[in-house]
Amino acid sequence: MPAESEVTWVEPAKLGLFEQLYLPIITDGLTTTVKHLLSVGSRLTESYPEQEPKLPPNYRGVHRLNKDEQGRTKCVACYMCATACPAHCIDIVAAPAPEAWKDREKYPETFVIDELRCIYCGMCEEACPVDAIELTTLYDLTGLSREQMIFDKEKLLSVFDQTTKAGTDPVRTRSGALGPASEAPPV
Amino acid sequence: MPEFDWLTLGIVIFGVIAVVMPTVGYLTLSERKISAWMQDRFGPNRVGPLGLLQPLADGGKFFLKEAPIPRHVDKLFFLMAPAASMCTALVALAVVPWGPTQPPVQLVATVTEAGTPAPTADAVAKFEEQVVANKKEFKGVILPGLDIGILYVFAVGSLAVYGIILGGWASDNKYSLLGCLRSSAQIISYEIPLGMSIVGVLLFTGTLNMEGMIDWQAKHGWFIAFQPLAFLLFMTSVYAECNRLPFDLPEAEQELVGGYLTEYGSLNFGMFMIGEYTHMITTSLLMTVVFCGGWSLFGLENLMADSVIWNGVIKSGIILAKAGFFLVMYQLVRWTIPRFRFDQLMDLAWKVMIPLSILHLLAAMLVREFNLNNWVLTGVSVALFLSAGVLGVLFGKGPNNTPRRRVVKRQPELAAR
């Protein structure tokens with residue numbers, strides 16, 4: 001409790017004749033509301049199924065696995081994303097990279113994300129040293145069964161094709177290479 | 001005493017109900033649409049084209065949902081309350097004109113005081129002729145020629161509060177009870193200016209019959225011009241009577257959950273809603289009939305006076321358009337003015353509206369007594385209104401008597417920054 005010396009008492013301002021007459025003020029209010037009523041152009045609602053929302057590029061939706069210029073998975077199976085994941089929804093099985101791939105030792109044999117367990121926090125994206133995993137702006141994620149919602153490598157790579165084709169690449173990809181190990185995706 | 005042909009009466013009642021019920025439904029839609037547009041939204045637009053079938057969907061849902069009756073309620077009164085609310089609203093419609101009307105035939109005195117000439121046989125014959133002619137005319141009102149007219153509407157309309165009180169009491173719930181108590185206090189307070197504002201009109205028309213009131217206004221001019229203050233008081237009290245914003249304290253969601261509606265669901269709730277919106281329709285028609293000249297519109301209504309059908313269509317159109325304007329006004333005001341606090345509500349009724357209505361009535365009596373020009377009353381109305389404002393400025397206790405607020409002084413070093 002503040003002491004009485006610290007307290008000031010404020011009186012609200014007195015009402016003038018206009019306010020005391022009620023009517024002019026009410027007319028004023030009515031003018032404002034009727035203006036809004038008649039301004040058809042200023043409707044803010046998006047009619048969702050017909051009108052898709054325009055999401056910011058840093059939106060965190062469905063994951064995708066990025067490909068490099070040769071169409072290979074960028075992922076080097078380092079397990080950083082699986083380790084960072086607070087929901088433990090990423091399951092990777094690593095295998096030795098083919099002989100022809102000189103730049104890496106391992107590649108993911110399987111790469112599975114349980115989209116139902118995922119909390120879309122984006123920490124896998126932050127952890128990835130080669131910008132292989134990214135969250136896209138795809139938000140309407142649905143499935144008929146739990147099995148359908150477990151995305152494997154092919155599915156995640158197809159999300160890459162889909163979003164690149166639609167021109168809705170996430171903000172990281174748009175901003176170019178981020179680390180020494182990463183490279184810009186094909187344009 | 002008017003006589004009624006039961007078949008015609010039945011058809012007219014059926015017709016009126018068949019129009020009023022869908023209107024109530026579409027009023028809920030327009031309420032939602034207008035609120036949405038005012039808030040830069042679209043409003044319901046999924047059911048049918050432009051959402052026009054929304055009321056049907058709402059009604060179907062009301063019918064098909066389970067009607068929950070909590071175990072702790074007083075079952076009889078709990079079920080009676082919505083019925084009371086809806087019935088009183090519908091019954092009040094019986095004498096309100098919605099189309100062309102004729103004033104009831106002036107009675108001829110058969111017993112006269114000594115010294116005044118007795119009515120001739122001619123006068124009696126003429127009277128009976130007029131009665132027969134009057135019977136043949138089409139009248140846009142369920143019970144034409146009812147002499148207590150507006151008194152009946154007020155009597156039945158005030159019964160609507162029983163629905164609220166019964167509902168709140170029978171629900172056996174603190175929120176419901178608080179809501180219904182507020183409502184009873186509010187409606188009883190606003191009943192006084194409501195009745196008082198009408199008396200000034202009755203002094204001039206000399207009849208309580210609504211057809212007579214329209215007739216007077218068609219001949220002399222609308223009361224909204226002669227008694228603007230009475231109209232203002234009437235409109236404000238009617239908003240309070242209908243429990244519409246800014247006077248919707250009985251169901252103030254923020255304080256009372258749903259007020260007296262808290263325990264109601266499905267069609268029980270729907271009946272309360274129907275009652276409320278029917279009340280709105282009735283009062284809109286009342287404002288039209290009592291203050292805005294009913295079907296009269298500067299002589300335009302008589303363009304097709306010889307054709308019965310066109311006469312009916314034009315006059316009904318005019319009166320319904322005016323009532324429609326007031327209905328839209330209800331909704332515009334609802335989404336413009338915030339709710340009153342309860343003490344402000346009581347202040348407005350007892351300290352402002354009741355004194356004003358009494359003074360206005362006094363002025364009307366003086367004008368009538370000394371046979372002054374009707375426009376004198378307009379001036380008095382405006383003067384009373386302005387002087388109320390001036391008095392408010394001179395002697396008002398700040399904006400709406402808000403309590404003084406404590407504010408902690410900022411520390412000097414913080415203030416210096």
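The values are calculated or read from the model by the stated rules, or taken from the named source; none is laboratory data. Treat the numbers as computed from the prediction; the structure is a model and nothing was measured. Cβ atoms come from the backbone with ideal geometry, glycine included; neighbour counts cover every protein chain shown.
With respect to A:Tyr79, determine if the residue is surrounded by 13 or more Cβ atoms within 10 Å (Cβ to Cβ), on the phi > 0 side of the Ramachandran plot and either in contact (Cβ under 8 Å) with a residue 12 or more places away in the chain or more than 14 Å from chain B (Cβ to nearest Cβ) (or both).
yes
Report the residue count in region B:296-340 for those that are within 14 Å of chain A (Cβ to nearest Cβ) and in a loop (DSSP other than H, G, I, E, B).
Matching residues across region B:296-340 total 6.
Pairs only if they're at least six apart or on different chains, beta carbon under 6 angstrom, first in region B:11-28 and outside the structural domain of B:Leu50 (by TED's automatic domain parsing), second modelled with pLDDT of 90 or more; list them, first residue then second.
none
In region B:22-43, how many are in contact with a helix residue (DSSP H, G or I) (Cβ under 7 Å, 6 or more places away or on another chain) and in a helix (DSSP H, G or I)?
12
Would you mind stating whether A:Gln70 is under 26 Å from A:Pro53 (Cα atoms) and either in a loop (DSSP other than H, G, I, E, B) or out of contact with any His (no Cβ under 8 Å at 6 or more places or on another chain) (or both)?
For A:Gln70, the condition - under 26 Å from A:Pro53 (Cα atoms) and either in a loop (DSSP other than H, G, I, E, B) or out of contact with any His (no Cβ under 8 Å at 6 or more places or on another chain) (or both) - is not met.
Just checking, how many residues over region B:257-270 are among the hydrophobic types (A, V, I, L, M, F, W, C) and crowded, with 22+ Cβ neighbours inside 10 Å?
1
Applying the selection to region A:30-58, what residues are away from chain B (no Cβ under 14 Å) and either surrounded by 17 or more Cβ atoms within 10 Å (Cβ to Cβ) or of a type in the set (Asp, Glu) (or both)?
Correct list: A:Glu52 only.
Name the single residue that is modelled with the highest pLDDT among those in region B:297-316 being under 28 Å from A:Val34 (Cβ atoms) and loosely packed, with under 15 Cβ neighbours inside 10 Å.
The residue in question is B:Phe298.
Residue by residue through region B:68-78, note down the ones that are under 31 Å from the mean Cα position of the chain (by Cα) and either loosely packed, with under 14 Cβ neighbours inside 10 Å or outside the structural domain of B:Tyr264 (by TED's automatic domain parsing) (or both).
B:Lys75, B:Leu76
Output the helices (runs of 4 or more DSSP H) that fall wholly within region B:185-264 and possess 1 or more residues being of a type in the set (Phe, Trp, Tyr) and within 30 Å of B:Phe77 (Cβ to Cβ), or say none.
Of the helices (runs of 4 or more DSSP H) lying wholly inside region B:185-264, those with at least 1 residues that are of a type in the set (Phe, Trp, Tyr) and within 30 Å of B:Phe77 (Cβ to Cβ) span B:228-241.
State whether the residues of region A:136-147 include one that is touching a Lys or Arg at 6+ places or on another chain (Cβ under 8 Å) and part of a loop (DSSP other than H, G, I, E, B).
Yes, the conditions are met somewhere in region A:136-147.
Which of the residues spanning region B:157-173 are closer than 13 Å to B:Gly259 by Cα and among the hydroxyl-bearing types (Ser, Thr, Tyr)?
B:Ser171
Only one of these is within 14 Å of chain A (Cβ to nearest Cβ) and either modelled with pLDDT under 85 or touching a strand residue (DSSP E or B) at 6+ places or on another chain (Cβ under 6 Å) (or both): B:Leu50, B:Leu7. Name it.
B:Leu50
Checking B:Glu113 against (1) modelled with pLDDT under 85; (2) surrounded by 14 or more Cβ atoms within 10 Å (Cβ to Cβ); (3) not β-branched (Val, Ile, Thr): exactly one of these is not met. Which one?
(2)
I'm trying to understand the selection: among the residues of region B:373-409, which are over 27 Å from B:Ile354 (Cβ atoms) and either facing chain A (nearest Cβ under 9 Å) or modelled with pLDDT under 55 (or both)?
B:Arg404, B:Arg405, B:Arg406, B:Val407, B:Val408, B:Lys409
Consider A:Cys78 against the criteria (1) in contact with a Leu (Cβ under 6 Å, 6 or more places away or on another chain); (2) more than 15 Å from A:Leu157 (Cα to Cα): it satisfies all of them except one. Which criterion is unmet?
(1)
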